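Here's the structure, in C-alpha cells; my notes come after.
Laboratory data are not the source of any read-out in this text; all were calculated from the coordinates shown. Model, not experiment: these values are computed from the prediction. For neighbour counting, all protein chains shown are included, and Cβ atoms are generated from backbone atoms with ideal geometry for every residue, glycine included.
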Amino acid sequence: MRGRRVQFALIVVLWLAALTGCSTSSVHTTPGSPSQRTSPGVHVVKRGDTLFSIAWQQGLDYQKVAGWNGIRPPYTIYPGQKIRLYPPNRIPRPASPPATSTSEPQPAAPPGITAPAKSTPAPSPEAPISWQWPASGPILRNFDGAASGKKGISIGGTHGNQIRAAAAGRVVYAGSGLVGYGRLIIIKHNNTYLSAYGHNRDMLVQEGAEVRAGQVIASMGSSGTNRIQLHFEIRRDGKPVDPLRYLPRR
C-alpha cells in the first residue's frame with residue numbers, strides 16, 4: 001500500500017512538472033521577434049513622419065535613405081513602415097566609384113572577346129545657389145559643429161517678424177513633429193542643399209509648395225523654445241554646415 005502511495009506521488013510530481021514546462025513555453029518569445037523589439041538602426045514610421053524629416057533627425061542624406069529602402073520619388077511612406085538607416089549589409093561596397101547610371105549590371109564578356117565600351121553621361125552640374133538672409137535680426141547663437149542636437153544659427157527678433165526663404169526651392173516639410181524645432185519648415189533647394197526654419201509662430205506655406213527666394217514663408221515666434229527666435233540651418237548632403245559660410249555679409 002505504501003509503495004502505491006509513493007508511486008502515485010511520483011506521478012503527480014511529474015505531471016505538475018510537465019504542466020509547468022508547458023506553461024513556460026507558451027509565453028516564451030524568441031529574442032529579436034519583430035513584435036517585441038525593433039532592430040537598431042531602424043525607424044518605425046509614425047503619423048506625420050516624412051522621409052525628409054526622418055533623414056533630417058539622423059543627419060543623413062534623404063536620397064541615400066531612400067536608396068537603402070527602395071523608396072522612389074515622391075518618397076511616400078506609411079505609418080508602421082520600417083525605414084533602414086544604414087546601407088544593407090548584403091550589398092558589397094564597389095571597388096571603384098559607382099557609376100551614375102541606374103541600369104542593371106551586364107554580364108562579363110567571354111574570354112578573348114572585348115566588350116564594347118559604354119559611355120556614361122556625366123551628371124549635369126547643379127546651378128549655384130544665391131543665398132540670402134531669412135531674417136534681419138541679430139545673431140543670438142553661432143554655429144557649433146561639436147554641439148549635440150540641432151546645429152545652425154539663431155536669429156533674434158520680435159513676434160510676427162517675417163521669415164523669408166533663403167533660396168528658391170520646394171517645401172518638403174512643414175510641421176511640428178521634430179522635437180526641439182517647434183513649428184518647422186524645411187526647403188529642398190536641389191539634390192545637395194536643404195534649409196530649415198524653426199520655432200515659427202505661423203507657417204504660411206504647405207508641403208509641396210514651390211517658393212521663390214525671399215518669399216515670406218513664416219512669422220517669427222517661440223514655438224518649441226523659451227525665447228523669440230529663428231533657428232536656421234543649411235544642410236549639405238544631409239550634414240549641417242555653418243550658414244555664415246553661405247549667407248552674404250551684412
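For the reader, a short list of remarks on this structure follows.
- Gained length - residue 247 relative to residue 81, 0.36 nm times residue gap less alpha-carbon distance: 56.0 nm
- Square roots of 5 times each gyration tensor eigenvalue, C-alpha, segment 163-241, largest first, Å: 19, 14, 11
- In range of the label at residue 170: residues from segment 202-230 whose backbone nitrogen is under 18 Å from the point 7 Å along Cα→Cβ: 205-213
- Per-pair calculated FRET efficiency, R0 = 30 Å: residue 202 and residue 237 via Cβ, rounded to 0.05: 0.45
- Protection proxy ranking, highest mean first, for peptides 138-146, 51-59, 200-208: 51-59, 200-208, 138-146, where packing is the per-residue count of other beta-carbon atoms within 10 Å, averaged.
- Here the scattering of segment 196-250 is modelled by Debye summation over its C-alpha atoms, one equal scatterer each and no solvent; at q = 0.15, 0.18 Å⁻¹ the log10 of I(q)/I(0) is -0.54, -0.78.
- Segment 158-220 - charge dipole about Cα centre, Lys and Arg +1 at Cβ, Asp and Glu -1, debye rounded to 20: 80
- Segment 202-220 versus segment 35-84: alpha-carbon centroid distance in Å: 25
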